[in-house]
Structures are given as C-alpha cells and as structure tokens.
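Below you'll find the structure, written out as structure tokens, and then a few comments.
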Amino acid sequence: MTTHHDIPTHLVTGFLGVGKTTTIRQLLALRPEGEHWAVLVNEFGEIGVDGGLLADTGVALEEIPGGCLCCVSAQMFTVGLNRLIRSQHPDRILIEPTGLGHPAEIIRTLTQPPYDGVLDLRATITVMDARHLSSPRHREHPNWNDQIALADVLLANKADLYSEADREALQAFVAAMPPPRPLVVETTQGCVEPAWLEHPRLERGGALFPEARAFLSAGDTPDHDHDHDHDHGHGHAPNEHGYEPVTIDTRGDGYLGRSWLLPEGQAFDHTVLETLVSGFTGERLKGLVLTDQGWQRINRVTGDGGLEAMEAPAAGTRPRIEAILPETDAQALDNFDQALQQARTGPQRIAQ
C-alpha cells in the first residue's frame, strides 16, 4: 500500500431505497476518459445484489455482504479495500455502505493509519428522500439522522415525486441544520454533477457530532444494534430440476433481511412475479432475475416500483433477490418466500 498515495475517496450514504446505487451509476457515467475508478459496496443482506446492478459499468467492484461496515464487516471492509487498492490501482474510489450503516466509523477508519497517507477522503454524498421527513420511522431512526448529519453534499433524490408540502418540509429541515451545512440539491434519478465530488469536506471539529461521539466511544449503543443474526437456509428441498434455494436472513437495527441466491438459469414466470413484486409492502425489494420475458431488475421501495427490463448480465450471473422489512413483519416475509417459490418455472436457458 506504500506505492499508493492520496487516492480521492468518497462515501455515498443514505437510508434504504433512496437511490444510492442509481447515484453511483450516474457518477460512474461521468468519470473522465482514461480514469480508472473502483467501487466498494456493502449490503445489509448476505447475498450481494448491488454488485450485479453495477456490473455493467466497467469499473472495478468489491462487494462486502452481511451487515454494516461499521461493525460485523469491519475486518472484511479493510480486506476488501486493501485488495481493491492493490489489484486495481484506482484513480478514485466510491464506497457505498449499507443503508442501515453508521458512517462515522468508516470515516474514522479512512482518515487514520494505515489509510491516512493512502486515501484522500473527500466529500461524503448522502442521498435522501424528502418524503421521509414526514415519516416518524425515518425521522426517529438514529442512522437516518447520523447519515444526514455527516453529509458534505446532501442530495434530495426523487424530487419529481415531491409535493409542495415535501419541499416546504425540506426547506425547514435544512434551515434547522446546525452549521456548517452541506450543499443541498434536489435531484431526480440520482442525477449528479461532477463538481459535487470536489465540494470541500465540512470541518466538524474532528469530533463529528454528539451521536457519533457516543457511537465511537462506546463501540455499541442501545440505538445501534450490532447483533446481526444470520440464519442460513430455510429448509427448501430441491425440486425436480435439482433446484436448491440458498436463502440467508440478516437481522439488525430493527429490520429483517432475506436474500435469495438462485442457480444460473433459474427463471420465473414474468406475470406471476410482477404481481408478487407489486404487492410487496416492505421497506425494500431489489434483485436481478431471469423471466420468460428476459432479464429484469427488481427495484421497489416502500410501495413504489417494480420490474424493469435490463440487458442480460455477464454469462454465469446467478439471479438474486433481497427483501428488507421491519422485524415485526416476519410473517409477511415468510409469505413472500412461499409465493416466490411458486413463481419459479424451473432452470432454463432463455435467449439473451
């Protein structure tokens, strides 16, 4: 690592479903010709989905599934980051923590040895949805507040869906933020400007803010549940096609996640799957799936979104799905799991 110096590095943070991956795709599309960028992605679930959503961008990618970078994946984070730096020699690094992660620990890691002479931590870009300002579930969640409090650039994404009340709430929220305030921009579809990457990091006195100080000094707080439970496999028997589902549960921060990794060629009935996805009422549903109408991207957030046609990924890509719901909705997750099994059509090859 001594051969690498001052690599511009950015965190792209934000709560579940606000459009972090879309924002990263937009940033990657704007990278200068000849520059080699790399992305480090962490997901709440054990089976990575976001990596598949970024696979066609042509950049180096490292995935760290299984919880937030600030706790259970801390060692995996440094291993993955070291591997990315040594093998790819990137000109710039983008790091996407899970939407349930606390960014303070990551910032501390990136600005202390051994990274302080290797990386040049620049603007943290936090993506938010202003409609969440009227949601107590978001406003009262410590990680939601912490991510915004550490923003250097605050992107109010999905602005085309805001009501006038949403915009007034955003203005009042920003006005109440203590100085120094981040650059705040309304945007849609994760659209960004390259200049925002060069926005200066805000000086917060090194101690960040009270909640972060408590988090960093205690290492564990009642507000941040570091006990991520992992339940591997749910007893699904192989079907007549030899299909054996790989499902993994993750619990933390009041949420339950379930990830499905499917065999190459596993397909779904498009009509049945579309109905199932449109009826999902949890916090987040995302995935890459093969149907009888070709490859589809699943992108549903708090009742909005569904299936989106996409180009076929690289050969050998395995379909995968991840669902995130409040822990109180465990039965709804099991019901979704059962319906998902019924939507399968069996492994097959579909013209790509």
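Tell me, yes or no, whether the stretch 137-159 has at least one residue that is part of a loop (DSSP other than H, G, I, E, B), surrounded by fewer than 16 Cβ atoms within 10 Å (Cβ to Cβ) and either touching a helix residue (DSSP H, G or I) at 6+ places or on another chain (Cβ under 8 Å) or not charged (D, E, K, R) (or both).
Quick first cut of the stretch 137-159, residues part of a loop (DSSP other than H, G, I, E, B) only: 140-141, 150-152, 157-158.
Next, from what is left, pick out any that are surrounded by fewer than 16 Cβ atoms within 10 Å (Cβ to Cβ): 140.
Now drop any that are not either touching a helix residue (DSSP H, G or I) at 6+ places or on another chain (Cβ under 8 Å) or not charged (D, E, K, R) (or both), which leaves none.
No, that holds for no residue.
Can you name the helices (runs of 4 or more DSSP H) wholly within the stretch 1-112 that have at least 2 residues being surrounded by fewer than 23 Cβ atoms within 10 Å (Cβ to Cβ) and at pLDDT below 85?
Numbers: elements: 20-29, 50-54, 74-88, 103-110.
It comes to 50-54, 74-88, 103-110.
Give the residues of the stretch 170-200 that are open to solvent by 40 Å² or more (accessible area, probe 1.4 Å) and not in a loop (DSSP other than H, G, I, E, B), sorted by residue number.
Let us first name the residues in the stretch 170-200 that are open to solvent by 40 Å² or more (accessible area, probe 1.4 Å), namely 171-172, 175-176, 178-181, 183-184, 186, 188-189, 191, 193-196, 198-200.
Gln171, Ala172, Ala175, Leu183, Val184, Glu186, Pro194, Ala195, Trp196, Glu198, listed by residue number.
Residue check: is Ala165 farther than 18 Å from Gly19 by Cβ, assigned to a helix (DSSP H, G or I), modelled with pLDDT of 90 or more and in contact with a helix residue (DSSP H, G or I) (Cβ under 9 Å, 6 or more places away or on another chain)? Give the derivation first.
Working: farther than 18 Å from Gly19 by Cβ: yes; assigned to a helix (DSSP H, G or I): yes; modelled with pLDDT of 90 or more: yes; in contact with a helix residue (DSSP H, G or I) (Cβ under 9 Å, 6 or more places away or on another chain): yes.
The answer is yes for Ala165.
Mind telling me which of the residues Glu308, Glu264, Glu283 ends up being open to solvent by 60 Å² or more (accessible area, probe 1.4 Å) and touching a strand residue (DSSP E or B) at 6+ places or on another chain (Cβ under 6 Å)? Write out each step before concluding.
Details: Glu264 fails: touching a strand residue (DSSP E or B) at 6+ places or on another chain (Cβ under 6 Å); Glu283 fails: open to solvent by 60 Å² or more (accessible area, probe 1.4 Å).
Result: Glu308 is the single residue among Glu308, Glu264, Glu283 that is open to solvent by 60 Å² or more (accessible area, probe 1.4 Å) and touching a strand residue (DSSP E or B) at 6+ places or on another chain (Cβ under 6 Å).
Do we have Ser135 as under 13 Å from Phe15 (Cβ atoms) and not basic (Lys, Arg) here? Don't jump to the end; show me each part of the working.
On the way: under 13 Å from Phe15 (Cβ atoms): yes; not basic (Lys, Arg): yes.
Yes, satisfied.
Report whether or not Glu274 is surrounded by 18 or more Cβ atoms within 10 Å (Cβ to Cβ) and farther than 30 Å from Val59 by Cβ. Please lay out each step first, then the result.
On the way: surrounded by 18 or more Cβ atoms within 10 Å (Cβ to Cβ): yes; farther than 30 Å from Val59 by Cβ: yes.
The answer is yes for Glu274.
Tell me whether the stretch 150-162 contains one or more residues that are of a type in the set (Ser, Thr, Tyr), under 18 Å from Val301 (Cβ atoms) and without any contact (Cβ under 8 Å) to a residue 24 or more places away in the chain.
If we filter the stretch 150-162 for residues that are of a type in the set (Ser, Thr, Tyr), which is where we start, we get 162.
Restricting the remaining residues to those that are under 18 Å from Val301 (Cβ atoms) gives 162.
Those left that are additionally without any contact (Cβ under 8 Å) to a residue 24 or more places away in the chain: none.
No, the stretch 150-162 has no match at all.
What number of residues in the stretch 311-339 are without any contact (Cβ under 8 Å) to a residue 12 or more places away in the chain and either open to solvent by less than 30 Å² (accessible area, probe 1.4 Å) or closer than 15 Å to Thr281 by Cβ (or both)? Quick ask: steps written out before the conclusion?
Here is the first cut: in the stretch 311-339, the residues without any contact (Cβ under 8 Å) to a residue 12 or more places away in the chain are 315, 328, 331, 334-335, 338.
Checking the rest, the ones that are also either open to solvent by less than 30 Å² (accessible area, probe 1.4 Å) or closer than 15 Å to Thr281 by Cβ (or both) come to 328, 331, 334-335.
Result for the stretch 311-339: 4.
The values are calculated or read from the model by the stated rules, or taken from the named source; none is laboratory data. What you are looking at is a predicted structure, and each value in this text was computed from that prediction instead of being measured. Positions of Cβ are backbone-derived with ideal geometry, glycine not excepted, and every protein chain shown enters the neighbour counts. For the accessible areas, the whole protein counts, side chains as well, though only heavy atoms, and no ligand, DNA or RNA atoms are used. Shrake-Rupley method; radii C 1.70, N 1.55, O 1.52, S 1.80 Å.
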